[in-house]
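The values are calculated or read from the model by the stated rules, or taken from the named source; none is laboratory data. Note that the structure is a prediction, hence the values are computed from the model and not measured. Ideal geometry is used to build each Cβ from the backbone, glycine not excepted, and the neighbour counts take in all protein chains shown.
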Number of protein chains: 2
Amino acid sequence: MPNPTAAMLVIGDEILSGRTRDANMHFLAGELTKHGITLAEVRVVSDQEQAIIHAVHALSAEYDHLFTSGGIGPTHDDITADCVAAAFGVRIDVRDDARALLQAHYDNSGQELNAARLRMARIPDGATLIDNPVSVAPGFTIENVHVMAGVPSVFQAMVASVLPTLTGGAPLLSQSLRIDRGEGDIAGPLGDLAARYSDLSIGSYPFQKNGAFGSNIVIRGFDGARIDAAIAELAEIFA
Amino acid sequence: MPNPTAAMLVIGDEILSGRTRDANMHFLAGELTKHGITLAEVRVVSDQEQAIIHAVHALSAEYDHLFTSGGIGPTHDDITADCVAAAFGVRIDVRDDARALLQAHYDNSGQELNAARLRMARIPDGATLIDNPVSVAPGFTIENVHVMAGVPSVFQAMVASVLPTLTGGAPLLSQSLRIDRGEGDIAGPLGDLAARYSDLSIGSYPFQKNGAFGSNIVIRGFDGARIDAAIAELAEIFA
């Protein structure tokens with residue numbers, strides 16, 4: 001059976017304007033690969049209702065899982081939870097269990113659970129909470145959509161909370177070999193190798209360092225012995 | 001008149017598997033913002049024909065410009081040019097001017113313009129070349145799609161070649177103010193401010209440092225005086 005597939009939706013004007021460099025995509029990609037879930041697509045959209053709803057619709061329909069990052073804080077530009085509720089046509093309101101988490105946290109720290117903070121307890125009907133050990137305000141899963149915070153430390157903690165609950169497949173294995181020749185010199189034999197090992201994914205990632213060209217050849221697949229064999233042939237071809 | 005809009009399509013299994021951290025999105029986002037073009041959406045897809053063609057269709061139809069990154073080298077997994085040609089229903093073949101660029105380059109460096117390298121001279125009918133001062137093999141523009149390399153140094157050089165040829169709008173201006181209070185404390189007054197300055201985009205980007213919460217408030221817009229006014233009010237509110 002093929003591995004489950006996933007998409008990621010990053011929500012945030014600050015990434016599209018170039019102000020902030022996204023860090024969550026790279027983290028999630030690595031975690032999903034280890035867990036045997038294939039990340040097939042990522043989208044980044046702005047903090048706009050229609051853009052978010054459209055992307056949630058499209059990606060949750062096409063893939064087994066959708067992970068979102070960003071837009072679930074207490075400020076006016078945090079509209080992700082409302083958009084996800086709208087995408088599934090369900091009601092959203094403050095929920096008692098989420099409110100209790102926040103109440104205990106703010107009581108503890110001597111802060112007020114004001115109207116803004118209470119927004120973080122608004123959960124779409126039918127969702128389950130995602131634990132947030134960093135800053136308490138929970139994420140949530142509704143249908144196949146996992147809604148998480150954008151702050152990297154919180155995002156990572158939420159991924160750690162939700163991933164063990166998902167059925168993964170075989171972890172994708174990979175080996176790589178660095179070849180210090182230009183891609184143009186290796187492309188022919190490499191293409192032949194890729195054709196012979198069509199059950200594996202063979203990628204060539206060129207680099208340029210101190211004026212010299214080279215390429216990292218990465219061979220990925222689910223059968224370690226096949227990858228070993230392909231790497232051995234590759235090493236022999238370019239020895 | 002509103003600024004032109006753009007999307008970016010990043011093509012590459014290596015980013016989705018978590019092996020490589022994309023660097024081109026952040027660079028392009030910053031350059032477009034300076035040039036007065038609004039980056040509205042980014043997608044990352046794998047090296048698969050249908051995924052690339054579908055994304056090129058959707059994004060070139062929806063936005064004024066589409067910039068692609070990756071998949072135009074000489075190896076078997078470089079299929080972007082063919083997919084873009086297919087998306088527009090045009091023929092693709094080795095073109096004389098592109099071949100001449102490569103021939104001169106490889107003659108110069110004493111290397112052979114072999115079949116693999118010649119693939120980089122395959123250009124869709126009707127496209128114009130994008131200059132590549134780093135490694136010669138050109139990118140190309142067809143309709144509103146700008147096809148560029150994935151290697152960051154080459155991508156950046158190609159962006160520098162193509163951006164001056166595009167009509168930009170007013171550069172998006174921004175100012176930011178760091179507020180050392182949790183978002184929950186500032187969300188109420190901040191939302192009021194955002195409502196009063198609805199011609200500006202006011203974003204709150206929370207952070208956590210040494211256990212303390214704070215947020216960077218970023219105010220963006222096209223009218224510097226309005227941004228000045230909003231920042232002044234913001235500073236006063238949270239003084």
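What the table shows:
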{"read-out": "Long-range neighbours under 9 Å by Cβ, at least six apart or interchain, first residue free of Cβ contacts under 8 Å to residues at least 60 places away in the same chain and farther than 19 Å from A:Pro133 by Cα within the range A:83-100, second buried (at least 17 other Cβ atoms within 10 Å of the Cβ) and among the hydroxyl-bearing types (Ser, Thr, Tyr)", "value": "A:Ala87/A:Ser60; A:Phe88/A:Ser60"}
{"read-out": "Lone qualifier among A:Ala212, A:Ala187, A:Ala160, A:Ala194 - being surrounded by fewer than 16 Cβ atoms within 10 Å (Cβ to Cβ) and not assigned by TED's automatic domain parsing to the domain that holds A:Leu39", "value": "A:Ala212"}
{"read-out": "Failed item, numbered, when A:Gly73 is tested on (1) over 19 Å from A:Ile142 (Cα atoms); (2) within 8 Å of chain B (Cβ to nearest Cβ)", "value": "(1)"}
{"read-out": "Odd one out for B:Thr75 among (1) surrounded by fewer than 18 Cβ atoms within 10 Å (Cβ to Cβ); (2) at pLDDT below 95", "value": "(1)"}
{"read-out": "For B:Thr167: the one exception among (1) in contact with a strand residue (DSSP E or B) (Cβ under 6 Å, 6 or more places away or on another chain); (2) in a loop (DSSP other than H, G, I, E, B)", "value": "(1)"}
{"read-out": "Subset of the range B:181-239 (residues that are touching a residue at least 40 places away in the same chain (Cβ under 8 Å) and part of a strand (DSSP E or B))", "value": "B:Asn216, B:Ile217, B:Val218, B:Ile219, B:Arg220, B:Gly221"}
{"read-out": "Single residue of B:Ala61, B:Ala51, B:Ala7, B:Ala55 found to be of a type in the set (Gly, Ala, Ser), farther than 22 Å from A:Ile186 by Cβ, more than 11 Å from every other protein chain (Cβ to nearest Cβ) and not in a loop (DSSP other than H, G, I, E, B)", "value": "B:Ala61"}
{"read-out": "Residue match in the range A:119-127 (condition: within 14 Å of another protein chain (Cβ to nearest Cβ), modelled with pLDDT of 95 or more and in contact with a helix residue (DSSP H, G or I) (Cβ under 6 Å, 6 or more places away or on another chain))", "value": "yes"}
{"read-out": "Those residues of the range B:191-212 which are within 17 Å of A:Gly70 (Cβ to Cβ) and either more than 28 Å from the chain's Cα centre (by Cα) or polar (S, T, N, Q) (or both), in sequence order", "value": "B:Ser201, B:Ser204, B:Gln208"}
{"read-out": "Total residues in the range A:115-141, condition under 18 Å from A:Ser60 (Cβ atoms), surrounded by 23 or more Cβ atoms within 10 Å (Cβ to Cβ) and among the hydrophobic types (A, V, I, L, M, F, W, C)", "value": "3"}
{"read-out": "Residues satisfying the stated conditions in the range A:23-40, i.e. in contact with a strand residue (DSSP E or B) (Cβ under 6 Å, 6 or more places away or on another chain) and closer than 17 Å to A:Met148 by Cα", "value": "A:Asn24, A:Met25, A:Leu28, A:Ala29, A:Leu32, A:Leu39"}
